[in-house]
1. How much of the DSSP beta bridge set in chain B is antiparallel, as a percent to the nearest 5?
2. Can you give the helix-only mean residue ellipticity at 222 nm for the protein assembly as shown, where every DSSP H stretch with n ≥ 4 adds -39500 (n - 2.57) and the sum goes over all residues, rounded to the nearest 500 deg cm²/dmol?
3. If packing is taken as the mean number of other Cβ atoms within 10 Å per residue, what is the order of A:387-400, A:64-77, highest first?
4. Along region B:296-305, what does the Karplus equation 6.51 cos²θ - 1.76 cosθ + 1.60 (θ = phi - 60°) give for ³J(HN,Hα), rounded to whole Hz, x for Gly and Pro?
5. Count the DSSP beta bridges whose two residues both fall in the protein assembly as shown, then state the antiparallel fraction as a percent rounded to the nearest 5.
6. Counting other C-beta atoms within 10 Å, which of C:Trp151, A:Trp282 has the fewest, and how do the rest follow?
7. Could you give the Stokes-Einstein D for region B:1-73 in µm² per second, using the C-alpha Kirkwood radius, 20 °C, 1.002 mPa s?
8. Which percent, to the nearest 5, of DSSP beta bridges fully inside chain A are antiparallel?
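All of the numbers you see were taken from the coordinates with simple rules; none came from a lab. Since we're looking at a predicted model, the values are computed, not measured. Neighbour counts run over all protein chains shown; Cβ positions are idealised from the backbone, glycine included.
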Amino acid sequence: MTAKTTASGIAYDVQGDRPDVERRDAALQAFVRDFAATAAIHMESCLRCGMCATACQYYVTTADPKYTPINKLKPFEQAYHRHVGPFAPVYRFLGLSANVGIDMLQEWEALLFDACSLCGRCTLACPMGIDIAELIKEARHGMYMAGLVPDRLELMDRTAKAWGSPATPADDFADIIREAGEANHVPVNVDLPKADYVITTAPAELTEHTKALTDIAKILNKMGLNWTYSSEGFEASNIGYINGDLELQEKMTRKMIDNALAIGAHTLILPECGHAYGAARWEAARWYGKEIPLRIIHMTEFLGESVASGKIKLKPIGETATFHDPCQLARRGGVTEAPRAVLKALGLELTELQDHGALGWCCGGGGGVVSNVRADPLRFKAFELKKQQVEATNTQHFVTACGQCRITLTLGAKKFKWDRKVESLLELVADNLED
Amino acid sequence: MKHDETLDALIERRGVSRRAFLKYASYVATLMALPPGSAAALAEGLAKAKRQSVIWLSFQECTGCTESITRSSSPTLENLIFNFISLDYHHTLMAVSGEAAERARVEAMQANKGKYIVVVDGAVPTKDGGVYSTIAGVSNLQMLEETLRDAYAVVAVGTCAAFGGIPKADPNPTGAVAISELSGGKPLINIPGCPPIPEAMTGVLSYVLSFGKLPELDHFGRPKAFYGETIHDRCYRRPFYERGLFADGFDDEGARQGYCLYKLGCKGPTTYNACATLKWNGGVSFPIQSGHGCLGCSEPDFWDRGGFYRPLPTPLGAMGPALAGAAIAGAALGIGAAVAARSHRNGASATTGKDKE
Amino acid sequence: MDLLAFARGPALTFALAVFVLGSLWRLIGILALPPWRDLSPAREGAPPDWLAALQGIFGKMIPHKTFLKGGMFAIVNGYVFHIGLAICVFAFAPHILFLKSLFGLSWPGLPNGLVFAVGALTAGSLLAALAYRLTSPVLKLISRGDDYVSWLLTFLPVITGLAAASHIGARYETLLALHVLSICAFLIWFPFGKLMHAVLFVFSRGATGIRFRHRGAQL
């Protein structure tokens, strides 16, 4: 692992010591390999209208045209036309699309990883409906195969491979749960051989937000459900999904699903984590290879259902709040009503952010950006957008439903000495359960 | 009537008033859009003009042009112009025939060497040595060449002479060509039309007689005065075109309302002629006024432009086979490209697999 | 054969053949790639795929209000020249006759004066689009040769059409021939550049419609 800079002065990290040509080929072949009709249609459809720029927080806050979402795909667009597109032989024969060089890939590393949170706001702005965020993920796969990934993300990748989680060794998981239970005085279930509900976690809960581990336990206990945490398959955040390490993504997916099925669970509850929702709710079946006989739901959906069905009753807080919609949950996941219903049940008067729901701005830290220290300056720029919109609501509570968003926004608040606490919807529910 | 009699004298002899003559001169001047004051000059020139020797050759034609020009409904000054010229040879009209007729032509050529005008109606077949049309054993090709040799100018009357017309229409079995291709640099005026408007013919002759030169011509050798504007631009149905009101059939409500005939294949927009202004039969009507679209008869190749009832903006020719072939080829290439991309994928997959180890 | 006969005859036949060949080649070449199969269970109440695709295709016609802020000009101008082109192509009587000869369908047109005015507005809008592309830093960065070729081949039929309708610049039949030839150039380029978006938008938006509506997400 080495940090380097391109001739044009752009920083990039590189892993391994393969020759450049080999890396380049690996990147392009990996990109080409997973090309399905939808991705091809989207690769063919760009009009270069520039609308995606107006949707991207990194462009809007810097006004640097290189952050235009579609520009982040340039090397892969070239590769597509040269290797996959219907006119590929013509392109190659006439030399219409230059073969992508390693220098271009090196230069694009920062655009694909530092300046994209996979938030998909550009997808909604695109008049052709090009799912740019999905294409960026395909491109990241190519970058991963070339060994051109930010070192911090690669470190998490290797950790996850070794430990089963980027946050903690699987061996320590049960202890962390038990310690949290003791500290917060909540009875916890871990590694029960059989259970109806399997609770999964993301690194945020295992490090900074350990209270979340017992918050959900408290709720499930209250509801009298048969549930467990499980050391064999607890990690839901799936770093492979973010890094473009599809092999790892598949491995993590299978591990989590197989374990839940082995326990005989009918429902797998995902933590307050956006990417976990994308990876498990929408992509797991792709890697599992068939439909999964298991209900996979997000924490927020679970809370929403439980409140709606009256299985949990909440004490009204009676204050005002605004809500930050995690991108993977709202925009790319379709969950916008559940958190609002829960806030309502909490007696919080909701004032929406100027841009909210499917159109909310990203916290700026998704897609691994928050873990990638090289991206800090960009991330803080993006934070300012969110800060302005939150301030404009003039509310008492600032709530979200994703641990990564929470960490990103908390870091931003700290940086700008902004006196706002970012609260978790789960925590608010757990703290206000009616006895 | 002698060759040296002036038009003046002829008019007087026929009892036409001076006033009527001046009226005609100003009419022609107006028709030909001559500058103001030219009417007087034209009248003066015409009055003093001597009888012009004209040799009229009819080749591959239907005699329609001659019919059109000679059959005026009433005796007019236009007839007079025809009367005035010395039509020394016109095998349709002349009284004599056979060798006597051919002798008249040769005599006229010798008597007016360098001064006579050759009027031609009909195209000239050139295939197989021109055997497809002969007069008195002489091929049209040869007769034209001979007659043109000492001519002052040549006037191609009718579309066959001007552009080859119907004889030249696809597949042109006789190798018919327009006079312009055989005129060998002689001054040439084309007065196309099937048939041409009589006034265009007499107007041009009056101009030549009066001013002793050719009128201004367009790139097809047509007098701009008569062929300077399209039928469409001067058509009285034009407002319907602009408003999007069209007849869709010859017997529909639009046709009864006198709407534009564009959809029925009218070639007015690309046809340069004076029909819409001068009209026919003494200004009574013209095809569009009678309910039929313009055929474009004063334009080259009017017979081969995809059919008289094919609207102007439609493609020419049958493109079905070409498009069907293209569709099959396109589908095959598309499938081929996808198969290639898939195998490229699989190949790449194998390589990446190796790459991982 | 004169220029007009050449344009209406061999040139148009050739152009349409290339258009058909290239379009099918490209479209089938994409659509015959392996499909993206979504095995995840759909959100409760998600519409069937065909309806989701339609929601994508039509829903995307109206941009979200929040994107007007930075994209107002591109959106409004885009609307102007797209609607303008549609009116010129589909509401001008001679064009309707052309289309009828190809597809056998016909419909009433608009008065020429109106279509002419729309054509002039469209030409202006296209010029504005070009000016925007040449001055916007974002567009300057992402534009390719295709963008300029496609622009020119869209602009030429409009401008030659206006010239032919108003008899400016040359004789009518010459202008008409140039107009038809410019359409030929447009048709020939269509499958190979971004003009193809006139077909691809159905699939591009439809695919995203299916993906997003499957998840119960807003488009």
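1. 30
2. Per the formula, -15500 deg cm²/dmol.
3. Per-residue Cβ counts within 10 Å, averaged per peptide and sorted highest first, yield A:64-77, A:387-400.
4. Calculated HN-Hα couplings, in order: x, 5, 9, 10, x, 6, 4, 6, 10, 9 Hz.
5. 25
6. C:Trp151, A:Trp282
7. Rounded to a whole number, D works out at 149 µm²/s.
8. Antiparallel: roughly 20 percent of the beta bridges in chain A.
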